[in-house]
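Let me begin by presenting the structure, written as structure tokens, before commenting on it.
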Amino acid sequence: MTLTMQRPPIGSQALPIEFMNSHLRLLCVLACLATAVPVYAAVAPAKPNVLLIVSDDHGYADTGFQGSQDIATPHLDRLAASGVRFTNGYVTHPFCSPTRAALMTGRYQQRFGHERNPFYNPADHREGLPMSETLLPARLQPAGYVTGWIGKWHLGAAPEFAPGRRGFAETYGFIGGGHRFREWTVNAAVEYQVPIERNGQPVERPEHLTPAFGEEAAAFVRRHANAPWFLYLAFNAPHTPHEPTPERLARFATIKDPVRQKYAAQVSLLDDAIGTTMAALRETGQERRTLVFFFSDNGGPVSVNGSLNTPLRGAKGSVYEGGVRVPFVVAWPERVAAARTDDRPVSSVDVFATALAAAGVAMPTDRKYDSVNLIPYLTGEKSGAPHERLFWRNAALRAVREGNWKLVRGAGPADELYDLANDVAETKNVASAQPAVAGRLVAALDAWSQELVDPVFEGAGGRNAKAKKNAKKQQP
């Protein structure tokens, strides 16, 4: 800023030199303060940011705000305290990729055949989220949003499926469904050794993936403080292989189970990375105008990675509660009151409609959508439940929830009905005692199934099962 002193007009009374000097000093101070204000504070966009944080294979009981006693998650606890914790928060599928396909499209993934985890093959142009679907970032870009993806993709490995071609302007992460965290030289499946890429180009591997994702997210937040943005921060922690740093592992020496000890350390690193991201929001003055979602992509695979889904029954892959009910938080300080719990069932598929509504973008009407805008339910403008029913299908396993009733099909020889209000652990099948309820839910499940298509690719699970079957046939 340039300061000038003008000569008093002819005939006017000259100002005392002390008065002029004091005002000159004041103007200098104001100029210095103006130049000291960070650039990101110059303009506050009218539209809110949207931050979608997804963890991977994270147990229902494994955060402090869910009651964990052996794994401290102070940053996630602070996030939960700043918004609403949904105690009945669900994902649309008990596996990684189908859940991600639904939250990116606002549709049950079975509507377009994405019911399995795609097999990692960059030459396979079938195994991935169909190009006929328009993803959330592509809906937000025309509204002026900067779009970013950081972390795990798992929606197809062929070039056309890459995040940079599906609406994300800035990308950093890996394309497959899993990856090593720090032990880069250890033998592993090809998928777990693929390059870490920035905007489609390989970059040097970081010291540890989880902190790196948090730092990348914080940099994105700082870089785009003057424009509305959508960031999809998809961690691969605490999915196996567990590779915590020695320092972080030592913090959990009191946990005697070595698998859970490593798992706890991975969750702690995840929590810190989320803390790094949230700190950037606060430091740049963006926290109040950022709509944040956090949940896991499915229930914890208890016997595999050391997670806990207590008090729920089942695990990853199951349509019992332990496979599909997850830690679930929504925060938006500018619009949503803090420190609340909400028992109404909501779903990860609701991210789509909620984000569009926050951005002022009309919900598309070109096909059937399952996503519900949660904002009026969060603000109290609407009462009641956002969904009349929620549905699940994983091959032969099916389930539907209506109110507190849940019907499970395919897990046993007969249909099972549970009253979740009194039996969250799904221990008492009341189908025979409640035939009318069971019949109604069977009809609803059958009607929903008629709207779906068969899986369009067999996926990694299908190929593995086929390989095991063939190997068994070849045995003498």
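Which one is farthest from V91 (Cα to Cα), of the residues in segment 301-329 that are touching a helix residue (DSSP H, G or I) at 6+ places or on another chain (Cβ under 9 Å) and of a type in the set (G, A, S)?
Top of the filtered list is G306.
Kindly list, by first and then second residue, each pair from a residue in segment 139-151 that is farther than 16 Å from A225 by Cβ to a residue that is charged (D, E, K, R) and not in a loop (DSSP other than H, G, I, E, B), limited to pairs with Cβ atoms under 6 Å and residues at least 6 apart or on different chains.
I150/E216
If you take the residues of segment 308-327 that are closer than 21 Å to F293 by Cα and in contact with a strand residue (DSSP E or B) (Cβ under 7 Å, 6 or more places away or on another chain), which of them is surrounded by the fewest Cβ atoms within 10 Å (Cβ to Cβ)?
It comes out as P327.
With respect to V453, determine if the residue is within 26 Å of the chain's Cα centre (by Cα), at pLDDT 95 or above, β-branched (V, I, T) and under 14 Å from N88 (Cβ atoms).
Details: within 26 Å of the chain's Cα centre (by Cα): yes; at pLDDT 95 or above: yes; β-branched (V, I, T): yes; under 14 Å from N88 (Cβ atoms): no.
Judged against the criteria, V453 is not a match.
Just to confirm my filter: which strands (runs of 3 or more DSSP E) fall fully inside segment 141-247 and include at least 2 residues that are within 27 Å of V456 (Cβ to Cβ) and of a type outside the set (K, R)?
Filter on segment 141-247 gives 146-152, 170-174, 229-234.
For the subset of segment 342-371 comprising residues that are of a type in the set (V, I, T) and under 19 Å from the mean Cα position of the chain (by Cα), which member is farthest from S296 (Cα to Cα)?
Residue satisfying both the conditions and the ranking: T354.
Assess whether D370 counts as being in a loop (DSSP other than H, G, I, E, B), in contact with a strand residue (DSSP E or B) (Cβ under 9 Å, 6 or more places away or on another chain) and farther than 12 Å from G89 by Cβ.
Considered against the rule, which asks whether it is in a loop (DSSP other than H, G, I, E, B), in contact with a strand residue (DSSP E or B) (Cβ under 9 Å, 6 or more places away or on another chain) and farther than 12 Å from G89 by Cβ, D370 comes out as yes.
Within segment 122-138, count every residue that is acidic (D, E), within 10 Å of A157 (Cβ to Cβ) and touching a helix residue (DSSP H, G or I) at 6+ places or on another chain (Cβ under 8 Å).
Applying the first criterion (acidic (D, E)) to segment 122-138 yields 124, 127, 133.
Narrowing the set further to residues that are within 10 Å of A157 (Cβ to Cβ) leaves 124, 127.
The next check asks that each one be touching a helix residue (DSSP H, G or I) at 6+ places or on another chain (Cβ under 8 Å); those that pass are 127.
Residues meeting the conditions: 1.
Considering segment 258-270 alone, what residues qualify as being crowded, with 20+ Cβ neighbours inside 10 Å and over 15 Å from E247 (Cα atoms)?
Answer for segment 258-270, where residues must be crowded, with 20+ Cβ neighbours inside 10 Å and over 15 Å from E247 (Cα atoms): just R260.
Residues are listed down the side, and each one gets a yes or a no for (1) surrounded by fewer than 24 Cβ atoms within 10 Å (Cβ to Cβ); (2) closer than 20 Å to F352 by Cβ; (3) β-branched (V, I, T):
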{"position": "A44", "(1), (2), (3)": "yes, no, no"}
{"position": "P48", "(1), (2), (3)": "yes, yes, no"}
{"position": "I71", "(1), (2), (3)": "no, no, yes"}
{"position": "D77", "(1), (2), (3)": "yes, no, no"}
{"position": "A80", "(1), (2), (3)": "no, no, no"}
{"position": "T87", "(1), (2), (3)": "yes, no, yes"}
{"position": "H93", "(1), (2), (3)": "no, yes, no"}
{"position": "R100", "(1), (2), (3)": "no, yes, no"}
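Suppose the filter is more than 23 Å from M104 (Cβ to Cβ) and among the aliphatic types (A, V, I, L, M); does V361 pass it? Break it down into steps so the answer makes sense when it comes.
Working: more than 23 Å from M104 (Cβ to Cβ): no; among the aliphatic types (A, V, I, L, M): yes.
The answer is no for V361.
Quick check, is E388 more than 20 Å from the chain's Cα centre (by Cα), more than 24 Å from P137 (Cβ to Cβ), in a loop (DSSP other than H, G, I, E, B) and at pLDDT 95 or above?
Values: more than 20 Å from the chain's Cα centre (by Cα): yes; more than 24 Å from P137 (Cβ to Cβ): yes; in a loop (DSSP other than H, G, I, E, B): yes; at pLDDT 95 or above: yes.
Yes, satisfied.
The values are calculated or read from the model by the stated rules, or taken from the named source; none is laboratory data. Here the structure is a predicted model, which means the values were calculated and not measured. Positions of Cβ are generated from backbone atoms using ideal geometry, with glycine treated the same way; all protein chains shown enter the neighbour counts.
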